[in-house]
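Bear in mind these aren't lab numbers, they're just calculated from the coordinates by the rules spelled out. The structure displayed is predicted, hence computed values, not measured ones. Every residue, glycine as well, gets a Cβ built from its backbone with ideal geometry; the counts of neighbours run over all protein chains shown.
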Amino acid sequence: MNVAILGATRGMGRAVARRLAERGDALFLLGRDREELSRSAVDLEQRGAALPVGSAVCDLERPAGFVTALAQAEERLAGLDAVVVTAAQFATQEALEANAERTRRLLDVNFARTVEFCERARERLLAGGGGTLCVFSSVAGDRGRRPVVLYGASKAGLTAYLEGVDHKFHGEGLRVVCVKPGFVKTSMTAGLTPPPFAGEPDAVARRVVRAIDRGTPVVYAPAIWRWILLLIRLLPRAVMRRIGF
Amino acid sequence: MAKQPMLSGWGMIGRPGRELRSEDLAAVAAGVSLTRGLGRSYGDSSLPANGGAVAASPLADRILGFDPESGRLRAEAGVALGDLNRLFWPRGWSSPVLPGTQHVTLGGMVAADVHGKNHHVDGTFGRHVRKLRVLLANGRVVECSREEESELFRATLGGMGLTGHILELEVDLQPIPSPWIWSESERIAGVDEFVAALRAAASDWPFTVGWFDALATGEKLGRGILMKGRWATAEEAPAAAPAPKRRLAVPFHFPGWTLNRLSIWLFNTLYFHKHPRRPRAGIVHPETFFHPLDAIRHWNRIYGRRGFTQHQCVLPEHENPGAARRLLEDLTGAGGASFLCVIKDCGEEGEGVLSFPQPGISIAIDLPAGGGIQPVIDTLNRRVRAEGGRIYLAKDTFTRAEDFRAMETRLAAFEEIRRRYDPQRTLHSAQSVRLLGDAV
Ligand SMILES: Cc1cc2nc3c(=O)[nH]c(=O)nc-3n(C[C@H](O)[C@H](O)[C@H](O)COP(=O)(O)OP(=O)(O)OC[C@H]3O[C@@H](n4cnc5c(N)ncnc54)[C@H](O)[C@@H]3O)c2cc1C
């Protein structure tokens, strides 16, 4: 499979890229830092990715570069089967409330810029006859919750977009995979106390790769979060106002 | 109030502290007193002294290059040995040194200058390391090797993280004829016989180690199983690469009473008698041979919440014949009960200023922590001092500073280099406060 990944240098993106590499897939990396990209490219080559693993700079905050970056990916891979987006910003609710500029950037990157990037990716994939668009949203987007008001809102918007784009373009051969990670132990969540059911990036990556292969539209990872969120969605507002979850 | 976060080594004796984890190790290590890897050292080597934060390397785990001509690997310090095994054994390469568990980082293997079953021929891991990229206490990043900053290089091999934060390293992997092991094993009647058998096997076998029973008494003291091995030739080996082993897990901490003299005696006796009287030979999975304990995840939980420690020392047996037996007799005398003790002969001393191995016999003894542990450790250390041996810092929790200083004749040389690179001793661990007298 030929896969372009935005966000493969760190966290869950790194874990997904490694899973794909170990089965010999061809990868092209997109990210902000050229040096980081080439270090990750070597790592993935050593882990079994088809040689060579190429990369190009692509920053969610600079949408002008999206088209060129995706074109480069398609050209170097000689065809694109899937585009994976794991890049996103994260900050705690307290940190965001204390900093309006940071809030603006997070909402912008996690929603508007990510959607914009997905639109360019969708166009490319459809122009090539179809393919898979796999995007990391979050369980935080499933219901407004006190600890993730702003982050959750950015992900709720993204989830809604991914569902709509699936409905509209499924018939033309676009497969959309919306990944909703629960709490996963990565550097993004490093400062936080892990709740029960916290997942490991590698286990999440395994589920994600299976979802990409099968075109599963929504995947919770670890799987238990699907049931947790089902419950959360059923809780009355009066309860949600009180609990800290 | 939130619960105080705790950290511990493999021995599960907790201390206040927390980890800073990031793919960017240099960013989180800047300004903290210590970097740790996967926390497989038993005691307080990887723990902060003052309950603060330490950097943790496991997310900094990229392979940065491999040259299939020379076998030279460059990697970030957090790469786990298990990852390396999985990726490189099938390609015909192995880490030159494999400690008893593969859940260690390359940085931890450098910092403890680890040894394996091949110490008598291949020395410690440090012998095969070519270059280190180190973040110093003053914030400077330097590359050191045998050619540049060679003193820093030598002090960092086995330096237990006290000279700098290891960010990256270069090490020469060894070519292997197949990823499988040809192994032979046999019963050994007692500790003196063990010393002789290890010596006899040394010239024919690259890998040797023994497991012995320290509860058997009299003639049988130190009886056990000697294992010898070599990489299987391509003709001997199964066609398929060895699949990574599935692991069972100990799901929770056992109650404290499960491990007692009786259960340990039973286990040791069964383990000894499970091996047939006659030598056994055949092909074995490399993980089974090198990392047998990894088959059971969290096996340390069998010790319960009190935790445990390991006392590992090396005794110059050739200078003082009978030293190993005297150590076991002292252990029995002090009432220490240990299951599955490990015995191994060591070869030449390495370059690391504070590296553990020296020529002689190494003995490792697991002991439950709690009430009576200190007098047992003190007894063992008295013997180690008397025989001219030394202990392994990566396993130690309870040694007293005066015993350590008496054993460690190289300490002044180490401190001298440390003074040059970190005069304030900004870098320290709970262990270095305990044994080297670092102030918190
Ligand atoms: C079951 C078992 C079997 C073992 N068998 C053997 C054996 O056969 N031979 C042997 O030699 N050892 C053995 N060990 C000990 C183990 O190999 C060492 O303790 C090793 O250092 C652990 O690596 P780690 O990544 O877990 O490091 P940690 O335990 O996290 O740290 C160990 C030390 O290394 C330092 N350190 C770690 N990473 C860095 C870094 N990036 N920069 C600077 N300092 C760093 C820490 O500060 C600490 O002082 C065994 C341990 C276990 C649990």
Subject >> the protein assembly as shown shape via C-alpha gyration tensor axes, a/c threshold 1.5 >> reply: prolate
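Counting only C-alpha contacts under 8 Å and six or more residues apart, can you give the relative contact order of chain B as a whole percent?
Details: 1058 pairs, mean separation 81.1, N = 440.
Relative CO of chain B lands at 18 percent.
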Subject >> Amide hydrogen neighbours beyond the local backbone of B:LEU64, cut-off 5 Å, H modeled >> reply: B:ARG74, B:ALA75, B:GLU76
Original post:
What is the Cα centroid distance between the stretch A:9-31 and the stretch B:291-328, reported in whole angstrom?
Top reply: 40
**OP:** Hey, can you grab everything whose amide H is under 5 Å from the amide H of B:LEU315? Only 5+ residues off in sequence or another chain; H modelled, so Pro and N-termini drop out.
**Re:** B:ILE361, B:SER362, B:ILE363
Subject >> DSSP-loop trypsin sites (Lys or Arg not before Pro) across the stretch B:65-169, with at most 16 other Cβ within 10 angstrom >> reply: B:ARG140, B:ARG146
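Which of B:MET6, B:MET12 has the fewest other C-beta atoms within 10 Å, and how do the rest follow up to the most?
Working: B:MET6 13, B:MET12 19.
By the 10 Å Cβ count, ascending: B:MET6, B:MET12.
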**OP:** Using amide H atoms built 1.01 Å from N in the peptide plane, name the residues 5+ places from A:LEU174, or on other chains, whose amide H lies under 5 Å from its own.
**Re:** A:GLY131
Original post:
Which distance in Å, rounded to a whole number, links the C-alpha centroids of the stretch B:65-142 and the stretch A:86-114?
Top reply: 39
Subject >> Expected 222 nm ellipticity per residue - DSSP helices of 4 or more, -39500 (n - 2.57), all of chain B, to 500 >> reply: -7000 deg cm²/dmol
Original post:
Farthest toward the dipole's positive end in the stretch B:181-407, which of B:LEU248, B:PHE308, B:GLY322, given Cβ charges of +1 (Lys, Arg) and -1 (Asp, Glu) about the Cα centre?
Top reply: B:LEU248
Subject >> Residue order, fewest to most beta carbons within 10 Å, for A:ASP25, B:ASP378, A:ASP59 >> reply: B:ASP378, A:ASP59, A:ASP25
Subject >> Stretch in chain A that is longest and holds no trypsin sites (Lys or Arg not before Pro) that DSSP places in a loop and that have at most 13 other beta carbons within 10 Å >> reply: A:24-240
Original post:
Each label point is 7 Å from the Cα along the Cα-to-Cβ direction; what then is the distance between the points at B:ARG277 and B:ARG326, in nm?
Top reply: 3.6
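Would you list A:ASP81, B:ASP113, A:ASP202 from fewest to most Cβ contacts within 10 Å?
So the residues, fewest neighbours to most, are A:ASP202, A:ASP81, B:ASP113.
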Subject >> chain A: calculated mean residue ellipticity at 222 nm from DSSP helix runs of at least 4, using -39500 (n - 2.57) >> reply: -14000 deg cm²/dmol
**OP:** Could you tell me the number of lysine pairs in chain B with C-alpha atoms less than 28 Å from each other, where the two lysines are 8 or more residues apart or belong to different chains?
**Re:** 22
Subject >> Alpha carbon convex hull of the stretch A:167-245, volume per residue in cubic angstrom >> reply: 126
Original post:
Going by a ≥ b ≥ c, the root eigenvalues of the Cα gyration tensor, does the stretch B:225-270 fall in the rounded group (a/c under 1.5), the prolate group (a/b larger than b/c) or the oblate group?
Top reply: oblate
Subject >> ³J(HN,Hα), Karplus 6.51/-1.76/1.60, whole Hz, each residue of the stretch A:36-53, x for Gly, Pro >> reply: 4, 4, 6, 5, 5, 4, 4, 4, 5, 4, 5, 8, x, 5, 4, 8, x, 8
**OP:** Quote the convex hull volume per residue of chain A, based on C-alpha atoms, as a whole number of Å³.
**Re:** 119
